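Dropping the structure in here first, questions after.
The values are calculated or read from the model by the stated rules, or taken from the named source; none is laboratory data. Computed from a predicted model, the values in this text were never measured in an experiment. Every residue, glycine as well, gets a Cβ built from its backbone with ideal geometry; the counts of neighbours run over all protein chains shown. Accessible surface areas use protein heavy atoms only, side chains included; no ligands, DNA or RNA. Shrake-Rupley method; radii C 1.70, N 1.55, O 1.52, S 1.80 Å.
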Amino acid sequence: MTHKKTIINTLLVAALFGGAVQAAEVPAGTKLAAVQELVKGNGSEPATLDPAKTEGTVESNVQRDLFEGLVTTGPKGEIRPAVAESWDTKDSKVFTFHLRKDAKWSNGDPVTAHDFVFAFRRVVDPKTGSPYSWYLETPGVVNAHEIINGKAKPEDLGVKAVDDYTFEVTLEKPLSYFVSMMAHTTVYPEPQKVIEKFGDKWTQPGNMVSNGAYTLKEWVVNEKIVLERNKQYWDDGKTVINKVTYLPIQSQNADMNRYLAGEVDMTYETPIEHFKRLKKERPNEVRVTGYVGTYYYEFNTKKKPFDDVRVRTALSYAIDRNVIADKVMGQGQTPGYTLVPDFMDGFKPAVPEWAKLTQAQRDAKAKEELAAAGYGPGHPLKFELLYNTSENHKKVAVAVASMWKKLGVEVSLVNQEWKTYLQTKSSGNFDVARAGWIADYNEASSMLDLKQTTHGNNDGKYSNPEFDKLMADSRSKTDSVERNKIYAQAEAILDKDLPIAPIYQYVTARLVKPYLGGYPENPLDNLYTKDMYIIAH
């Protein structure tokens, strides 16, 4: 998409929807249930509910109900107005967002441009310790890099409140897809007075003030998070569901059983071993959607022997992705050989040459690479494979470990709870770790940026100056064809260095009750309870 079309389209979105975000659109004649309460499985206990400190999916799921940013995503992942009724830019460098005057916090205070200024500064402030501070550094918000590295003050960030309802962001270079990045949880507004009063405890029930369709009613750690409708929400009149409960169920089987017992309306995932049976018995309840993300194993490139590309190559080649995608997962996942998935909007990566070999040929090359690195029968490679607690992750790990065993590699499986796993990975205290990356916005840079040297979620500490330069150069290209040429070169570098072993491309596969209306097929899996409703049943 050219630079000119991007600007026109973003302005058109605001005009076409008249400043309205997606809300529950109940078809005429639909009889609604008397009780509008939704219960969702959410995979794990959230590490935080603070938008500035979030890096995981389970946290974002809850935050999308609690908060609302400048823009949001519609059912197909398209950008729609939210707190910003409209926006404009003449050069894709200075973006001006015009905020709605009826947006309020749950305590009745107005949501203003100052709340966005505070939130953006808080993300890049080193004192916050945001794992997503890179999210403002990567697109080149003025002075973000300097602030993150302690060379400038948060007040120097290129954001300002022109007035209470006009928020301006200035970038160092033009970036045509910048508005699409603004739907992410990291850039939600935050209530300054509340955070300054309660500090880290501002996200607790009774303390939290939010601006989304729901407010935090109850949070019982490792049991449930309960949200209630926010009567102060500007579009509350179009919200149908009154209460939503998130359950941190780590076991896919337990999630399924509670769904089958009528205790859960929507699961987080489905158990691999029951998928085919469920699809046969409940075809209207198994919902499978394309997902812009890749499941992979990450090598700690700063730790021997994973600093040796021969070792990384051997381990990557030996993974039979067809077996993992078709036999282990079997829910519609496709083998993954690149970081960017095929499902990405506007860019499809080239298939690497080694991916065209048979698995037997790959295994032979893997043994050669491992022998060249000094490993063999008399000196076997031994290491730990880390994954976060999940039956599905365990099944993949067991399968891959058996594939590596054919090379004479001895692997110890280590599983940790979600919060501990995140800390272990970010501290670099691992050999090889299960990982997955879901695009924060539907553009290839959202995947490729992950492997930049300075990226906050580059836990394997991969660093290649040529790759970094390509990704920096891509942001100056307003023409998508030019950007795609650079993305192809960047993928080629990753294919040569193999800092990760891509395994499969995600789909979302979950059980959804047939009486839950408004469930979208969103490629980013951005679900908003305010868009849903419960049909009489």
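Report, ordered by the first and then the second residue, all pairs with beta carbons closer than 8 Å, sequence separation of six or more or different chains, a first member in the stretch 455-477 that is aliphatic (A, V, I, L, M), and a second member that is open to solvent by 50 Å² or more (accessible area, probe 1.4 Å).
The qualifying pairs are Leu470/Gln489.
Is it true that Pro283 is more than 23 Å from the chain's Cα centre (by Cα) and not in a strand (DSSP E or B)?
On the way: more than 23 Å from the chain's Cα centre (by Cα): yes; not in a strand (DSSP E or B): yes.
In short, yes.
Mind listing whichever residues of the stretch 480-498 are surrounded by 22 or more Cβ atoms within 10 Å (Cβ to Cβ) and among the hydroxyl-bearing types (Ser, Thr, Tyr)?
Listed by number, the list holds a single entry, Tyr487.
For the stretch 203-220, check the following and say yes or no: at least one residue is without any contact (Cβ under 8 Å) to a residue 60 or more places away in the chain, surrounded by 16 or more Cβ atoms within 10 Å (Cβ to Cβ) and more than 20 Å from Ala113 (Cβ to Cβ).
Restricting attention to the stretch 203-220, the residues satisfying the condition of being without any contact (Cβ under 8 Å) to a residue 60 or more places away in the chain are 204-207, 217-218, 220.
Of the ones still in play, those that are also surrounded by 16 or more Cβ atoms within 10 Å (Cβ to Cβ) are 217.
Subsequent filtering for residues that are more than 20 Å from Ala113 (Cβ to Cβ) retains 217.
Yes: one or more hits.
Now a separate question. Is it true that Ala501 is part of a strand (DSSP E or B), small (Gly, Ala, Ser) and crowded, with 21+ Cβ neighbours inside 10 Å? Break it down into steps so the answer makes sense when it comes.
Details: part of a strand (DSSP E or B): yes; small (Gly, Ala, Ser): yes; crowded, with 21+ Cβ neighbours inside 10 Å: yes.
In short, yes.
Hey, any hits in the stretch 419-432 for a residue that's outside any strand (DSSP E or B), among the acidic types (Asp, Glu) and open to solvent by less than 60 Å² (accessible area, probe 1.4 Å)?
Quick first cut of the stretch 419-432, residues outside any strand (DSSP E or B) only: 419-431.
Filter once more, so that each one left must be among the acidic types (Asp, Glu): 431.
From what is left, the residues that are open to solvent by less than 60 Å² (accessible area, probe 1.4 Å) are 431.
Within the stretch 419-432, one or more residues are outside any strand (DSSP E or B), among the acidic types (Asp, Glu) and open to solvent by less than 60 Å² (accessible area, probe 1.4 Å).
Among (1) open to solvent by 20 Å² or more (accessible area, probe 1.4 Å); (2) within 25 Å of Arg475 (Cβ to Cβ); (3) in contact with a Gly (Cβ under 9 Å, 6 or more places away or on another chain); (4) not β-branched (Val, Ile, Thr), there is one condition Arg64 misses while meeting the rest; what is its number?
(2)
For the stretch 327-339, does any single residue satisfy the condition of being open to solvent by less than 30 Å² (accessible area, probe 1.4 Å), of a type in the set (A, V, I, L, M, F, W, C) and either in a loop (DSSP other than H, G, I, E, B) or within 19 Å of Val432 (Cβ to Cβ) (or both)? Quick ask: steps written out before the conclusion?
Step one: filter the stretch 327-339 for residues open to solvent by less than 30 Å² (accessible area, probe 1.4 Å), giving 328-331, 333, 336, 338-339.
Next cut, of a type in the set (A, V, I, L, M, F, W, C) only: 328-329, 339.
Adding the requirement that they be either in a loop (DSSP other than H, G, I, E, B) or within 19 Å of Val432 (Cβ to Cβ) (or both) leaves 328, 339.
Yes, the stretch 327-339 has at least one match.
Further question on the same structure: Based on this model, can you work out whether Lys405 counts as in contact with a strand residue (DSSP E or B) (Cβ under 8 Å, 6 or more places away or on another chain), open to solvent by 10 Å² or more (accessible area, probe 1.4 Å), on the phi < 0 side of the Ramachandran plot and modelled with pLDDT of 95 or more? Spell out the reasoning first.
Numbers: in contact with a strand residue (DSSP E or B) (Cβ under 8 Å, 6 or more places away or on another chain): yes; open to solvent by 10 Å² or more (accessible area, probe 1.4 Å): yes; on the phi < 0 side of the Ramachandran plot: yes; modelled with pLDDT of 95 or more: yes.
Against the criterion (in contact with a strand residue (DSSP E or B) (Cβ under 8 Å, 6 or more places away or on another chain), open to solvent by 10 Å² or more (accessible area, probe 1.4 Å), on the phi < 0 side of the Ramachandran plot and modelled with pLDDT of 95 or more), Lys405 qualifies.
I would also like to ask the following. What about Ser133, is it among the hydroxyl-bearing types (Ser, Thr, Tyr) and surrounded by fewer than 21 Cβ atoms within 10 Å (Cβ to Cβ)? So that I can check it myself, show each step before the final result.
Values: among the hydroxyl-bearing types (Ser, Thr, Tyr): yes; surrounded by fewer than 21 Cβ atoms within 10 Å (Cβ to Cβ): no.
Against the criterion (among the hydroxyl-bearing types (Ser, Thr, Tyr) and surrounded by fewer than 21 Cβ atoms within 10 Å (Cβ to Cβ)), Ser133 does not qualify.
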